[in-house]
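The values are calculated or read from the model by the stated rules, or taken from the named source; none is laboratory data. Just so you know, these numbers come straight off a predicted model, no measurement behind them. Heads up, the Cβs are rebuilt from the backbone with ideal geometry, glycines too, and the neighbour counts pull from every protein chain shown. Accessible surface areas use protein heavy atoms only, side chains included; no ligands, DNA or RNA. Shrake-Rupley method; radii C 1.70, N 1.55, O 1.52, S 1.80 Å.
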Amino acid sequence: MKDQFKLFIPGPTEVREEIRKEMARPLIGHRSKEISPLLEGIHSKIQQLLFIKNKIFIFTSSSSGFMEAAIRNCVKKKVLFLSGGAFAERWEEIAKANGKEVEALRVSWGHALLPEMVEEKLKGGDYDAISLVHNETSTGVMHPLKEIAEVVKRYPEICFLVDAVSSMGGVKIEVDKLGIDVILAGSQKCLALPPGLAIGAVSEKAFKKAEQVQNRGYYFDFLEHLKYWEEKRQTPATPSIPHLFALNRQLDEILLKEGLENRFKRHQEMASFVQNWAREKFALFAAEPYLSNTVTAVKNVREIDIGKLRENLREKGKEIDGGYGKLKGEYFRIAHMGDLQLSEIKELLLDIEQILKVK
Ligand SMILES: Cc1ncc(COP(=O)(O)O)c(C=O)c1O
C-alpha cells in the first residue's frame, strides 16, 4: 500500500523538496532583529505577485482565518455574498457566526455570477462589504472578477472582499487596478506550500472601515497587525517561522526563476489541456466560458464509479478529488495548480484513460 501520492487535488498541492527543506532550517526568534528583513522581503515579493502597494498580512492560520478577519474588520452591520458554491457559503456561515447581517446573491452551483446581477443587487442595498470567491474550487467556476470589480467600483463606500484562495499565484490578479480592499489566499494551493499560512492584502479603505467597527476580535485585528508592522516590522503573535522560510524561498522561485507571466501561462496551458480532455471524454461541470484556470470539475456523464477510479489512481501513486460535499458522484476534480507541469497532467490523464478504458 502506497503512502505517498502525487497530489492532483485542489489543495494541498504538491510541494517540491527544496521548499519542504526550507521548513527544516534552524529557527530565528519572532522578536529578533532577523525577523524584520525576512518579513519585509516577503511583503515586497507578495506586492509584486499581486500588483499592489497595499499592506500585506500573513496570518498563521488557514484561509478561513483571513475570511473571518475580513468580516470582523470590514463589516459593521451587513454584508452581501456573491454565492455559487461551497466556499461562498463558508463566507456566509462565518458572517453569521460573527453576528453580522447577511444577504446573498445566489446562482446555482456550476454557474457564474455576472456583473449585471451584482449591479442590480448593489443598487437596492445598504452594505458595508461585498464578498466574492474568485475561483470557486468546489465547482471549477472562475467568476468574472474584472467585470464585477468595475461594478463594485461604482459604490466606493463598500469594501470589496475577494477570496482568491485557489487562484492567487496561478492567475494574474491586479489587485490595485481592480480596487480590491481585502484579497486573501492560503499557502497550500497555487503557491505550492504546505498548509498553515493565510496570505493577503488590505487597503487603506479597509483600515478606515475597521476603525469604525467595534469588536474586531483579537488575533485577526487588522489595526493591531498594522500597528506592529508600522512600529516594529513584526507580527503581534508568534508566526509559523518555518512556513515563512518556505514562503520566502518559493516567492523567489516564482518571481525570479519561473517568472510571473510564465507561471500564469503554464496554469492557462494546463487548464486548456484538461478542459479539452474533459469535453472530449466526459463533459464539464462548470458552465462555459467561466472555467477555472486552476481546477476542473469533470462531469460524470459516463456514470463511472469515481471511488474506484480514485483507488486505482492511488495504486499508481496519484491522488485526485472525488467531488465536493453534496456534489460527490456528480463529478471528479482535477487540480492543475501550483508547481505541477503539463507533462504531469498529461500522464495523469493517460492513466485515467487506461483505467477506464476510454479512448
Ligand atoms: C475558494 C476557497 N475558499 C476558502 C477555502 C477554505 O480554506 P481553508 O480550508 O484553508 O481554510 C478553500 C479551501 O479549499 C477554498 O478553495
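Name the shape class, rounded, prolate or oblate, that the alpha-carbon gyration tensor gives for region 150-192, where a ≥ b ≥ c are the square roots of its eigenvalues, rounded holds for a/c under 1.5, and otherwise prolate holds if a/b is larger than b/c and oblate otherwise.
Because a/c hits 1.5 or more and a/b exceeds b/c, region 150-192 counts as prolate.
Geometric descriptor of region 246-315, per residue, is 131 Å³ (volume of the convex hull of the Cα atoms).
Just need the relative contact order of region 131-218 here, percent rounded to a whole number, with Cα pairs under 8 Å and 6+ apart. Here the relative contact order equals 23 percent. Of the chymotrypsin sites (Phe, Trp or Tyr not before Pro) found in region 43-139, those in coil by DSSP whose Cβ has at most 16 other Cβ atoms within 10 Å are 51. Normalised by the number of residues in region 1-134, what is the relative contact order in percent for Cα pairs under 8 Å and 6+ residues apart? RCO, region 1-134: 20 percent.
Return the whole-Å distance between the Cα centroid of region 185-253 and the Cα centroid of region 330-359. One Cα centre to the other: 34 Å. Tell me which of 160, 207, 141 sits at the most positive position along the dipole axis of the chain, charges placed on C-beta atoms (Lys, Arg +1; Asp, Glu -1). About the Cα centre, the residue reaching furthest to the positive side is 207.
With 26 Å as the limit, the listed pairs 189/357; 205/232; 78/146; 55/146 have 189/357 beyond it between alpha carbons.
As a test of reading the structure, rank 257, 76, 316, 121 by solvent-accessible area (1.4 Å probe, protein chains only), most first.
The residues order as 257, 76, 316, 121, largest area first.
Remark: the Cα gyration tensor places region 276-359 in the rounded category, a/c being less than 1.5. Residue ranking by accessible heavy-atom surface, 1.4 Å probe, largest first, among 252, 321, 163 comes out as 252, 321, 163.
Candidates 322, 235, 32 compared by Cα position along the dipole of the chain: farthest toward the positive end lies 32, with charges placed on Cβ.
Might you report the magnitude of the Cβ-based charge dipole of the chain about its Cα centre, with Lys and Arg at +1 and Asp and Glu at -1, to the nearest 20 debye?
My answer is approximately 320 debye.
Evaluated with a Cβ-only charge set (Lys, Arg +1; Asp, Glu -1), region 1-110 carries a dipole of roughly 320 debye about its Cα centre, given to the nearest 20. Net charge within 11 Å of residue 213 by Cβ-Cβ distance, Lys/Arg positive one each and Asp/Glu negative one each, not counting residue 213 itself? After counting each charged neighbour, the total is +4.
Just to confirm, what accessible area per residue do you get for the chain at 1.4 Å probe, in whole Å²?
42 Å²
For the chain, the spread of Cα coordinates along the three principal axes comes to 61, 55, 34 Å, biggest extent given first. For residue 109, neighbours were defined as the other residues whose beta-carbon sits under 11 Å from its Cβ, and their charges (Lys and Arg +1, Asp and Glu -1) total -1. With Cα atoms defining each centre, region 49-75 and region 108-148 are spaced 19 Å apart in the structure. Residues 131, 62 ordered from highest to lowest accessible area at a 1.4 Å probe: 62, 131.
Selection among 287, 268, 297 by position relative to the dipole of region 254-300 gives 297 as farthest towards the positive end (Cβ unit charges, Cα centre). The alpha carbon gyration tensor of region 55-168 gives principal lengths a ≥ b ≥ c with a/c below 1.5, which makes the shape rounded. Note: relative contact order over the chain, using C-alpha pairs below 8 Å and six or more positions apart, is 25 percent.
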